[in-house]
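Colleague: Take this structure first; my questions come after.
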Amino acid sequence: MSDIKIRASLSGDETTVKCLMSHPMETGMRKDSKTGELVPAHFIEEVVCKHKDEVVLTANWSGGVSKNPYLSFKFKGGVAGDPITVTWTDNKGETQSASDQIKG
Amino acid sequence: MIDATRRTLLKGSLAAGSVGVAAGLLAPRLALADWNAAAFQAKDIPTALTGLMGSDAPETSDRIKIKAPDIAENGAVVPVTVETDLEGVTSIAIIASKNQTPLIASFDFSGSAIPFVSTRIKMAETADVVAVVKVGDKLYQNAKSVKVTIGGCGG
């Protein structure tokens, strides 16, 4: 069970992909309100988005992207039923991947 | 008094030791992940841009459209959309000018991607959201001011 939600829809020649990831996105600069200690950095560094086997978008992030990140992108040439794969890797080396099909 | 100084010294050296260890552990992974630490940890925009795109002098272009709220009530979640009709865009970077580390995200487009990206960012205070677009070797930028009511970088 993956925590990445993907929705890909086709409009004319353009495919719009919207995805929502589940991640704390800690910058490493925030203090815990109870203990007063810094919360260690824990954020997604890289997101790779693929249409079939072709990389369409590579995102590199800092902790400045909001918690539970939202990402939307567009590309041309998709066909209904094509797989879209989104994979993220965070600064602790954890990784998660999910895929969905383009809806016509 | 002497004892207190000694404690401080001990604490200091312990802290320095653990930083060294952390850096040692981090280094190999960063090398693998291709994540541009120099740019993303930079405290000012010129350093971040030079590290990321090799230049810090983008030309202003109104062909870059930034969609963001005029007033963001919650700085922790500011929706930002960047779109351009410039041809041959290879990457787009999003910067919040007054954040402690201003570079928030960079997006590299390949294949049949359209130069459009939408995400949500954190903003520490009222500032400009700057989008820098790379076309070949040239950089273009545009900015939009966002008023932040409650800062979103904790504290």
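The values are calculated or read from the model by the stated rules, or taken from the named source; none is laboratory data. All of these numbers come straight from a predicted model, not from anything done at the bench. Note that each Cβ is placed from the backbone with ideal geometry, even for glycine, and that neighbours are counted across all protein chains shown. For accessibility, only protein heavy atoms count, side chains too; no ligands or nucleic acids. Shrake-Rupley method; radii C 1.70, N 1.55, O 1.52, S 1.80 Å.
Each row is one residue, and each column tells you yes or no for (1) acidic (D, E); (2) in contact (Cβ under 8 Å) with a residue 40 or more places away in the chain.
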{"site": "B:S55", "(1), (2)": "no, yes"}
{"site": "B:G75", "(1), (2)": "no, yes"}
{"site": "B:V82", "(1), (2)": "no, yes"}
{"site": "B:I95", "(1), (2)": "no, yes"}
{"site": "B:D108", "(1), (2)": "yes, no"}
{"site": "B:F116", "(1), (2)": "no, no"}
{"site": "B:K122", "(1), (2)": "no, yes"}
{"site": "B:V146", "(1), (2)": "no, yes"}
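Colleague: What's the total number of residues in the range B:66-97 that are assigned to a loop (DSSP other than H, G, I, E, B) and small (G, A, S)?
Modeller: 5
Colleague: Answer yes or no: is there a residue in the range A:44-59 that is surrounded by fewer than 22 Cβ atoms within 10 Å (Cβ to Cβ) and of a type in the set (A, V, I, L, M, F, W, C).
Modeller: For the range A:44-59, residues surrounded by fewer than 22 Cβ atoms within 10 Å (Cβ to Cβ) and of a type in the set (A, V, I, L, M, F, W, C): present.
Colleague: May I pose another question? Just checking, which of B:A105, B:A143 is hydrophobic (A, V, I, L, M, F, W, C) and farther than 14 Å from B:L52 by Cα?
Modeller: Only one candidate qualifies: B:A143.
Colleague: For residues in the range B:62-88 being β-branched (V, I, T) and open to solvent by 20 Å² or more (accessible area, probe 1.4 Å), which is nearest to the other protein chains (Cβ to nearest Cβ)?
Modeller: B:V77
Colleague: Among (1) more than 12 Å from chain B (Cβ to nearest Cβ); (2) buried (at least 16 other Cβ atoms within 10 Å of the Cβ), which single condition is A:T15 missing?
Modeller: A:T15 satisfies all of (1) more than 12 Å from chain B (Cβ to nearest Cβ); (2) buried (at least 16 other Cβ atoms within 10 Å of the Cβ) except (1).
Colleague: Filter the range A:71-95 for residues that are touching a Ser or Thr at 6+ places or on another chain (Cβ under 8 Å), closer than 30 Å to A:R30 by Cα and open to solvent by less than 50 Å² (accessible area, probe 1.4 Å) and give the result.
Modeller: If the condition is that a residue be touching a Ser or Thr at 6+ places or on another chain (Cβ under 8 Å), closer than 30 Å to A:R30 by Cα and open to solvent by less than 50 Å² (accessible area, probe 1.4 Å), then A:L71, A:S72, A:F73, A:V86, A:T87, A:W88, A:T89 are the ones that fit.
Yes/no per residue for (1) more than 7 Å from chain B (Cβ to nearest Cβ); (2) not aliphatic (A, V, I, L, M):
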site: A:L20; (1), (2): yes, no
site: A:H23; (1), (2): yes, yes
site: A:G36; (1), (2): yes, yes
site: A:E46; (1), (2): no, yes
site: A:W61; (1), (2): no, yes
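Colleague: Would you pick out the residues in the range B:115-136 that are assigned to a strand (DSSP E or B) and at the interface with chain A (Cβ under 8 Å from one of its Cβ atoms)?
Modeller: B:F116, B:V117, B:S118, B:T119, B:R120, B:I121
Colleague: Filter the range B:98-114 for residues that are open to solvent by 40 Å² or more (accessible area, probe 1.4 Å) and either aromatic (F, W, Y) or assigned to a loop (DSSP other than H, G, I, E, B) (or both) and give the result.
Modeller: Scanning the range B:98-114 gives B:K98, B:Q100, B:S110, B:G111.
Colleague: Now for a separate question. Would you check which residues across the range B:89-107 are under 21 Å from B:K67 (Cβ atoms) and at the interface with chain A (Cβ under 7 Å from one of its Cβ atoms) and list them?
Modeller: B:A96, B:N99, B:L103, B:I104, B:A105, B:S106, B:F107, listed by residue number.
Colleague: Follow-up. Report yes if A:A41 is aliphatic (A, V, I, L, M), open to solvent by less than 50 Å² (accessible area, probe 1.4 Å) and farther than 24 Å from B:P102 by Cβ, otherwise no.
Modeller: No; evaluated as a whole, the condition is false for this residue.
Colleague: Go through (1) more than 8 Å from chain B (Cβ to nearest Cβ); (2) under 23 Å from B:V82 (Cβ atoms) for A:S66 and report which single condition fails.
Modeller: Of (1) more than 8 Å from chain B (Cβ to nearest Cβ); (2) under 23 Å from B:V82 (Cβ atoms), only one is false for A:S66: (1).
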